[in-house]
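Report on one structure; see the data block that follows.
Coordinate-derived values only; no laboratory data. None of the values given here were measured: they were computed from a predicted structure. Note that each Cβ is placed from the backbone with ideal geometry, even for glycine, and that neighbours are counted across all protein chains shown.
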Amino acid sequence: MADEKVEQEQLFDLSGSAHPIIKGFPELRWTGKHPFKMTEYFPAQLKERYGTPDSKGWMNKIFWGDNLQVMSHLLRDYSGKIDLIYIDPPFDSKADYKKKIELRGENVESDTSAFEEKQYGDIWTNDEYLQFMYERLVLLRELLSDHGSIYLHCDWHRSHQLRCLMDEVFGPENFKNEIIWCYTGPQRATSFFARKHDSIFFYSKTENMTFNVQRVAHKSGLHGVGGFGFRGQDQSQDDLKEIEAQGKVLEDWWDDISTTGRLVKELTNYPTQKPSGLLERIISASSNPGDLVFDCFMGSGTTQVAALKLGRRFLGADINLGAIQTTTMRLLKELDHIDLSSPIEKPGFEVYNVNNYEFFRNPQEAKQILINLLELQPFNSGSLFDGTKDGRLYKIMPTNRIATKSDIAGLISGLPYSQYDKKMASNPNDPVDRITLVCMGHEPDLLGSFKQETQKYNIDVEIHDVLLEDKDIQLKRDSEAKIVLKDGKLIIESFYPMNLLQKLNMVPESVQDWKQLVDSVFIDWNYDGKVFQPTLPDVPEDQKLLVRGEYTVPANAKNIRVKITDLLSESIEVDVK
């Protein structure tokens, strides 16, 4: 892994990533499309370590941060080294995905014991979505090994455009399959046939790819199981019996894997979770034990859990803190069930923040805080701007890092230039628009770059830097905990997660049992001051169960750090002397 202390700027040339432009080569176009030929190195901070390395010293890794920055970080050490990529990116479903948050325990009777927390929004403008996916596919190709493959999971919303993007970035000659994952379930009567399948585009990087033929159980019956899936005239009964015993070669439509909603034991209460069987099939087909698997839209962590189970190494990334917490819990559960007689090694894993991605833990909540702070009249999700005030349009830039020139590229490409032309024709001396960029720090030449790119038009643009102009803003309310050592025991006497209590319309005085607010407790008995390495996990298996809250202190304990994670996946870490 790269040295965490290396902070200097490092650029990576991606000019060789795209397929060469030749006559007749398909290329998808959209307003404001710009090549993605260069990216910079972003540092990562190791925060947590669980378990131990394998016999070769490898530790699996998951990253919390914007996956564009995560992949830019990975380029230095993993360019051309990842053997299999699976991604389940935003579908542009025009929906907000929420997770039900409810108090733990058997005796929960309060009317405010549950609510829905927005995890992320899946609402995009057309050009914004395509540029978002294009940039990430370019980086994914750069990370993929020459014998590697990529599987992109999507549905009817964007499958036609994503297929074109995959052709453009990976080359149509490397297309292998459009896998149709079929499922069924109740459907209301509509004006069209029920949409009950997803598409999974399977591409390789080169012709020299890893592929292990998969077979599924099949009885010949009336249809037979000949070489092409039908019974041949010259096929013997012995051949048929052998094929029936081994199963038939798997085809590109899969109807034997249920959605997660039908697999109660797998449910994690994370929206858009995919079933383990789906990922186990993909990983088995396109990788071998010891290969490196990557998923940069990690979600609930199904890819990582399946990779660990099948003896593959993995990397994972997600921008959502809830995804990091859910994946961590699932991986720990898988590590707890190691079969010592199995030849498959299951190394532990590390958790990193990329580019100090922890300033705002929930981007959606951060944006709402800023909208309220600036007293904006908000626009609907999917709008180019986030709100308006006093005749100015406000655009809230990424809240987890300083704003860069690449961040404003999408905004500049989406401006209504046809309207600007009309305004200039009627009032050539007046600004065609008044825009305020709201950011958490910014590159020194950000404003100049905006004006340079839009120099044809008289745009009144200014920057509102929250870190400079709103220093006293309370970004999130810190949690509080009281922990004591008594008679050889570490005892958590109270815990008040302020954000969670606010959403539950509760005050600390009304909390009857703090354990109902807790998702997990981890304890590192010998914290080194840098990396949290817990050896005592307290993770209730069931929603009705509570953490213990009282723990025996080992004799060799020196520097104790306790991490308490609430139902929102927000944590407090407390040092106990």
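General observations
- Relative to one another, the C-alpha centroids of segment 255-334 and segment 156-206 are positioned 20 Å apart.
- Near the amide H of residue 155, within less than 5 Å, lie the amide hydrogens of 199, all on another chain or at least 5 residues away, with H placed in the peptide plane.
- DSSP H segments from the chain that extend 20 Å or more along their own axis, Cα-based, with Kyte-Doolittle mean of -0.5 or above: 126-143, 321-336
- Here the 3J(HN,Hα) profile of segment 313-319, calculated from phi with Karplus coefficients 6.51, -1.76 and 1.60 at θ = phi - 60°, is 7, 8, 10, x, 8, 7, 8 Hz, Gly and Pro shown as x.
- DSSP assigns beta bridges within the chain; of those with both partners inside it, close to 65 percent run antiparallel.
- Treating r as the C-beta distance of residue 55 and residue 211 and R0 as 30 Å, the FRET efficiency rounds to 0.65.
- Percent antiparallel among DSSP beta bridges (both partners in segment 270-418, rounded to 5): 55 percent
- Contour excess over end-to-end distance, with Cα ends at residue 502 and residue 489 and 0.36 nm allotted per residue: 1.6 nm
- Taking Cα centre as origin and charging only the Cβ of basic (Lys, Arg, +1) and acidic (Asp, Glu, -1) residues, the dipole magnitude of the chain rounds to 500 debye.
- With contacts taken as Cα pairs under 8 Å at a separation of at least 6 residues, segment 480-576 carries a relative contact order of 30 percent.
- Proximal charge balance of residue 486 [Cβ under 11 Å; K/R count +1, D/E count -1]: -2
- Computed from the alpha carbon positions, the gyration tensor of segment 480-576 leads to an equivalent ellipsoid with semi-axes of 23, 14, 13 Å, biggest first.
- Links that overshoot a 28 Å alpha carbon limit, given the list 56/489; 423/451; 47/176; 99/486: 56/489; 47/176; 99/486
- Note on residue 194 and residue 263: their simple-model spin labels are 2.1 nm apart, each label 7 Å out from Cα toward Cβ.
- Antiparallel beta bridges, as assigned by DSSP with both residues in segment 363-469, represent about 30 percent of the total such bridges.
- For residue 388, neighbours were defined as the other residues whose beta-carbon sits under 12 Å from its Cβ, and their charges (Lys and Arg +1, Asp and Glu -1) total 0.
- For residue 152, net neighbour charge (Lys/Arg +1, Asp/Glu -1) across residues whose Cβ lies under 15 Å away: -3
- Mean separation of Cα contacts under 8 Å, 6 or more apart, over the residue count of the chain: relative contact order %: 16 percent
- Residue order for 254, 156, fewest other beta carbons within 10 angstrom first, comes to 156, 254.
- For the chain, calculated [θ]222 nm from helices alone, where every DSSP H run of n ≥ 4 adds -39500 (n - 2.57): -7000 deg cm²/dmol
- Among the listed pairs 61/265; 196/274; 94/265; 98/482; 367/389, those beyond 21 Å (Cα-Cα): 61/265; 94/265; 98/482
- Across all directions, the average projected area of the convex hull around the alpha carbons of the chain is 34.1 nm².
- Sorted by Cβ neighbour density within 10 Å, fewest at the top, the residues 514, 64: 514, 64
- Within segment 469-577: Cβ-based charge dipole about Cα centre, in debye rounded to nearest 20 (Lys, Arg +1; Asp, Glu -1): 300 debye
- Ascending count of other beta-carbon atoms within 10 Å, so fewest first, for 506, 133: 506, 133
- Note on residue 456: aspartates and glutamates with a C-alpha under 18 Å away, same-chain residues under 8 apart excluded, are 421, 430, 433.
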